[in-house]
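Take a look at the structure set out below.
The numbers here are math on the coordinates, done by the rules we state, and not lab data. This one's a predicted model, so the numbers in the text were calculated from it and none came from an experiment. Positions of Cβ are generated from backbone atoms using ideal geometry, with glycine treated the same way; all protein chains shown enter the neighbour counts.
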Amino acid sequence: MSVPEYQDTGPITIPESIAPTNLAGKSVIITGGASGLGRAYAQAFVDHGAFVTIADLNPGFGAKAVEELGAKNAQFLQTDVLNWDQLVQAFEAAIKNSPRQSLDVVIANAGIVGHDDIFTLEDPQAPPRKPNTKIVELNLTGLLYTVKLAFHYFRRQPAAAPYDRCLILKSSLAGYVDLPGSIQYNASKFGVRGVMRSLRRTAWREGWRVNLVAPWYIRTAALSQAVQDYLDGKGIGFALAEDSARAMLLIASDEKINGRALGVVSRQQNKLGVIDLDLDDYPAGNMYNDWQKIVLDTAGILVE
Ligand SMILES: NC(=O)c1ccc[n+]([C@@H]2O[C@H](COP(=O)([O-])OP(=O)(O)OC[C@H]3O[C@@H](n4cnc5c(N)ncnc54)[C@H](O)[C@@H]3O)[C@@H](O)[C@H]2O)c1
């Protein structure tokens, strides 16, 4: 399969329904796949015949997921995405134990949200306290480790038999709006856009694709009850885990989709629950396009 050089082709059309037939036998690794949205992705890929490796911190959720998905369809590797050696083991196991000893789809999903130590208002007369930066480390450094290994193991596989290889990065609509008080979460999810935009310019050279999924609020353990109650009280709709899983299946199965960011939104906002955000390219005539061209030329010197 040859992936063309990234060009802005405009937003993709989201199909009313998808029934992918080309995921059977593929090997998919999902970080943070033991519960929440990652677990929904694991189910969706197994339902379409893929073999899923769940790389997650939580052994209880991991064991339960494999029991439910079936040991011939899924495996669990206890993995902290910030632990390089554990992450390497998970990628090695994904290849070794999958039906074709391959790695076809990598979903960099693990992420956390929570109290942000950078924002905390403290006594300005007291000595400053070194903040905890775990949110940005996990959401960005952990994701970058996953990207690095996707890169490594995608390239290791034989180029002679062309086949699709696909990296999907997990951002959030918090990567597209202002999120006061959650500086690290806001920054990390914007950062994921930067990772996608940089990679889409080079991944095609190695014959693989990169895209991003950015959900609106979805009910999982990550979402505080207070936020859920507020949204419920205002009648603001949630996005659905099943729509987020459909966005993943669509990207993984359609070899033409490259360099796009799909938003997962409430069905009140869009009846399909999935949209192409179309915010990572600029309209014709916009001065950003001129800057982009020069940056691509200079960056070309750096990546040769
Ligand atoms: N739920 C939402 O509203 C929402 C919206 C937008 C984006 N997201 C993003 O989706 C992703 C998944 O979120 P979720 O709502 O399913 O969260 P969740 O808390 O329900 O699940 C997260 C999973 O990641 C695992 N995990 C945590 N730290 C890990 C680590 N260091 N290494 C490996 N695994 C780890 C947990 O054990 C858990 O299984 C995150 O990146 C999150 O930022 C969620």
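Observations, loosely collected:
- Given (1) part of a helix (DSSP H, G or I); (2) without any contact (Cβ under 8 Å) to a residue 40 or more places away in the chain; (3) over 28 Å from ALA261 (Cα atoms), number of the condition LYS148 does not satisfy: (3)
- Candidate set from segment 123-134 (those that are more than 23 Å from ASP80 (Cα to Cα) and of a type in the set (Lys, Arg)); member that is surrounded by the most Cβ atoms within 10 Å (Cβ to Cβ): ARG129
- Selection within segment 154-181 - in contact with a Phe, Trp or Tyr (Cβ under 7 Å, 6 or more places away or on another chain) and either more than 16 Å from the ligand (Cβ to nearest atom) or touching a residue at least 12 places away in the same chain (Cβ under 8 Å) (or both): PHE154, ARG165, CYS166, LEU167, LEU173, ALA174, GLY175, GLY181
- Here the condition is being within 10 Å of the ligand (Cβ to nearest atom), under 19 Å from ILE135 (Cα atoms) and touching a Gly at 6+ places or on another chain (Cβ under 7 Å); of VAL192, VAL264, VAL227, it holds for VAL192 alone.
- Only one entry of ARG205, ARG209 meets the criterion of being surrounded by fewer than 21 Cβ atoms within 10 Å (Cβ to Cβ) and among the basic types (Lys, Arg), and that entry is ARG205.
A quick yes/no check of all residues on (1) among the hydrophobic types (A, V, I, L, M, F, W, C); (2) within 16 Å of the ligand (Cβ to nearest atom); (3) touching a residue at least 40 places away in the same chain (Cβ under 8 Å):
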site: THR31; (1), (2), (3): no, yes, yes
site: ALA50; (1), (2), (3): yes, no, yes
site: ASN58; (1), (2), (3): no, yes, no
site: ALA63; (1), (2), (3): yes, yes, no
site: GLU67; (1), (2), (3): no, yes, no
site: VAL81; (1), (2), (3): yes, yes, yes
site: ALA94; (1), (2), (3): yes, yes, yes
site: ASN97; (1), (2), (3): no, no, yes
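- Residue list for segment 231-247, filter: away from the ligand (no atom under 13 Å from the Cβ) and over 21 Å from ILE257 (Cβ atoms): ASP232, GLY233, LYS234, GLY235
- Residue match in segment 113-122 (condition: among the β-branched types (Val, Ile, Thr), surrounded by fewer than 22 Cβ atoms within 10 Å (Cβ to Cβ) and within 12 Å of the ligand (Cβ to nearest atom)): yes
- Matching residues, segment 28-79, being within 29 Å of TRP216 (Cβ to Cβ), among the acidic types (Asp, Glu) and more than 17 Å from the chain's Cα centre (by Cα): ASP47, GLU68
Quick grid of which residues meet (1) surrounded by 15 or more Cβ atoms within 10 Å (Cβ to Cβ); (2) in contact with a Phe, Trp or Tyr (Cβ under 9 Å, 6 or more places away or on another chain):
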site: ALA214; (1), (2): yes, yes
site: ALA221; (1), (2): no, no
site: TYR230; (1), (2): no, no
site: ASP243; (1), (2): yes, no
site: ALA252; (1), (2): yes, yes
site: VAL264; (1), (2): yes, yes
site: TRP291; (1), (2): no, no
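- Residue among LEU240, LEU250, LEU272, LEU279 that alone is within 15 Å of CYS166 (Cβ to Cβ) and in contact (Cβ under 8 Å) with a residue 24 or more places away in the chain: LEU250
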